[in-house]
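Here the structure comes first, spelled out in structure tokens, and everything after it is commentary.
Values quoted throughout were computed directly from the atomic coordinates according to the rules given, and no laboratory measurement underlies them. Quantities reported herein were computed from a predicted structural model and do not represent experimental measurements. Because the Cβ atoms are built from the backbone with ideal geometry, glycine has one as well, and the counts that use them run over all protein chains shown.
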Amino acid sequence: MSTPSQPNPAIEPIPQFDLSVQFAAIGAEIRAAIERVLSTQQFVLGREGTALEEEIAALCGVGHGVGVASGTDALILALRACGVQPGDDVLLPTSTFVATGSAVSALGARPVFADARPETYNLDPSELERRVTPRTRAIIAVHLYGLAADMDPIAAFAKERKLSLIEDCAQAIGAVYKGRRTGCFGDAACLSFYPTKNLGAYGDAGMVVSNSAELATRLRALRNHGQTAKYLSSEPGWNSRLDEIQAAILRVKMRHLADWQRARRANAAEYTRLLDQVPGIMPPHEPEGCEHVYHQYTIRCERRDALQQHLASRKIGSTVYYPHPLHLQPLYASLGHKSGDFPHAERAAQEVLSLPMYPELRRDQIARVVEAIADFVKC
Ligand SMILES: Cc1ncc(COP(=O)(O)O)c(C=O)c1O
């Protein structure tokens, strides 16, 4: 048996994430889709993009989709379309990828952070009352790792205070909360199709979905230089258009998404079943009524850094999402936060570790990962 410090060159590496098996399976479909776009010579705002917008909106259970260049742009444009202006405050969880906060900052608004629930890592709704300010204009609820945030109390708070509610669905396309998929609980929801996402493009891409026709119309203008008619702009906008090749690739992948989500859930169930025998490791929690889509399978361990090194010595990849909560990022030093301000998020940042997770992960690979964790726990 190899010890933690003696890597065995003969064993197959298990990466934390691997797109190559997926591409081997769907490469021919992808090439045909790209060929289809090339044959039309229409590369921006065409039929593929429109069809994808309809398909994604239907998946999220809403009326409109507006394709944009990235998940970050989706957040910036959605906040802007909801009326967020310089000087406004926007409530958001401190446990998230930096883009959730920097989208707020990009508009000259101020991110106001909230702590996480320790068992789900998502925004704790009881924090909203405590953190809201007279200048708060909107809330962003992030569905971290593929698990829906607790949307009922968040939506109730937003409604009571007349705040806009935006879902950050970058990691959670298709995740279910109380019978409905994420993306339909607020004024708008933002998706990222970054290549590693559950539905990933072959480059950057994103989308805003909404039930509001008015918001969708404004977003269509904002993503295209504020144009409301050809060469007629009524407000400053961006160039943030979804390109046709990415849309065509995403439409191919949409046909497989349900199978891939099922495979992710089956892999997660297998991890959780095996980890049940391993003391000191907290597997992800799936609250009643939620269907996690396991963008990440994230465990918790007090000796997280040593565990990560041990896994690396067994050629097993793992990643910390995220080592620094937003309130402790140098980017937000001017907001004056300190360690201890958001204890649950800070503790999670020290203990979370995301294990290998992708639809094509094999049972024997999952068993090897858990065996390595069990060996570590014994030391
Ligand atoms: C929670 C969250 N929000 C926003 C984004 C930004 O998406 P993108 O990388 O497509 O700009 C990401 C993507 O990494 C994310 O994980």
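Plugging the Kirkwood radius over Cα pairs into Stokes-Einstein for the range 1-120, at a temperature of 37 °C and a viscosity of 0.692 mPa s, what D comes out in µm²/s?
Values: Rh = 19.1 Å.
Roughly 172 µm²/s, to the nearest whole number.
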Practice task
With label points built 7 Å along Cα→Cβ from the Cα atoms of Ala374 and Ala28, find their separation and express it in nm.
Solution key: 4.0 nm
Practice task
With no solvent and one equal point scatterer placed on each C-alpha of the range 128-208, evaluate the Debye formula and give log10 I(q)/I(0) for q = 0.21 Å⁻¹, two decimals.
Solution key: -0.91
Handout entry: Pairwise FRET efficiency - Arg180 versus Asp341, Cβ, R0 = 25 Å, nearest 0.05
Key = 0.15
Fill in the blank from the handout: With the convex hull built on the alpha-carbon atoms of the range 261-341, volume per residue in Å³ sits at 161 Å³
Practice task
Calculate the length of the line joining the C-alpha centroid of the range 71-90 to that of the range 170-197, in whole Å.
Solution key: 18 Å
Practice task
With everything on Cα atoms, drop me the angle between helix 244-275 and the longest principal axis of the chain, reported from 0 to 90° to the nearest 10.
Solution key: 30 degrees
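As a check on your grasp of the helix formula, calculate [θ] at 222 nm for the chain: sum -39500 (n - 2.57) over DSSP H runs of n ≥ 4, divide by the residue count, round to the nearest 500. Display every interim value, and only then the final one.
Numbers: 11 runs with 149 residues, N = 379.
So the helix-based figure for the chain works out to -12500 deg cm²/dmol.
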Exercise for the section: Working from Cα positions, state the angle (0 to 90°, nearest 10) between the long axis of helix 20-40 and the longest principal axis of the chain. Expected result: 20 degrees
Handout entry: Helix 213-222 vs. the chain, principal-axis angle (Cα, 0 to 90°, nearest 10)
Key = 90 degrees
Fill in the blank from the handout: Note on the range 308-349: contact order normalised by length, alpha-carbon pairs under 8 Å, 6 or more apart, percent, works out to 35 percent
Problem - Length-normalised contact order of the chain in % [C-alpha pairs under 8 Å, at least 6 apart] - result: 23 percent
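Considering only lysines 8 or more places apart in sequence, or on different chains, count the pairs in the chain whose C-alpha atoms sit under 27 Å apart. Don't skip to the answer; put the middle values down first.
Working: Lys159/Lys178; Lys162/Lys178; Lys178/Lys197; Lys178/Lys253; Lys197/Lys253; Lys197/Lys315; Lys315/Lys378.
For the chain, qualifying lysine pairs total 7.
Between Glu288 and Arg303, what is 0.36 nm times their sequence separation minus the Cα-Cα distance? Round to one decimal in nm. Write down the numbers at each step before the final one.
Numbers: separation 15, 0.36 × 15 = 5.40 nm, distance 2.89 nm.
Result: 2.5 nm gained on full extension.
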Practice task
Provide the net charge surrounding Ala149, with neighbours chosen by a C-beta distance below 11 Å and charges set as Lys +1, Arg +1, Asp -1, Glu -1.
Solution key: -4
Exercise for the section: Work out how much length Gln329 to Ile11 would gain on full extension: take 0.36 nm times their residue separation and subtract the Cα-Cα distance, in nm to one decimal. Expected result: 110.7 nm
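Label the range 57-175 by shape, choosing from rounded, prolate and oblate, from the square roots a ≥ b ≥ c of the eigenvalues of the Cα gyration tensor; if a/c is under 1.5 it is rounded, and otherwise prolate applies when a/b is larger than b/c, oblate when it is not. Write down the numbers at each step before the final one.
Values: a/c = 1.40, a/b = 1.07, b/c = 1.30.
Because its axes are fairly even, with a/c under 1.5, the range 57-175 counts as rounded.
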Problem - Relative pair counts by distance (%), Cα atoms of the range 165-216, 10 Å bins - result: 27, 50, 22, 1
Exercise for the section: Please say if the range 156-286 is rounded, prolate or oblate, where rounded means a/c under 1.5 for a ≥ b ≥ c the square roots of the C-alpha gyration tensor eigenvalues, and otherwise the choice is prolate for a/b larger than b/c and oblate otherwise? Expected result: oblate
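Multiply the residue gap between Ser126 and Ser39 by 0.36 nm, knock off their C-alpha separation, and tell me the result in nm, one decimal place. Walk me through the numbers before you get to the answer.
Values: separation 87, 0.36 × 87 = 31.32 nm, distance 5.37 nm.
Stretched fully, the Ser126-Ser39 segment lengthens by 26.0 nm.
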Practice task
Work out the FRET efficiency for Lys159 and Gln85 from their Cβ-Cβ distance, taking R0 = 25 Å, and round it to the nearest 0.05.
Solution key: 0.75
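Dividing the Cα radius of gyration by the Kirkwood radius, what Rg/Rh value follows for the chain?
0.98
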Handout entry: Fraction of antiparallel bridges per DSSP, the chain only, in percent to nearest 5
Key = 60 percent
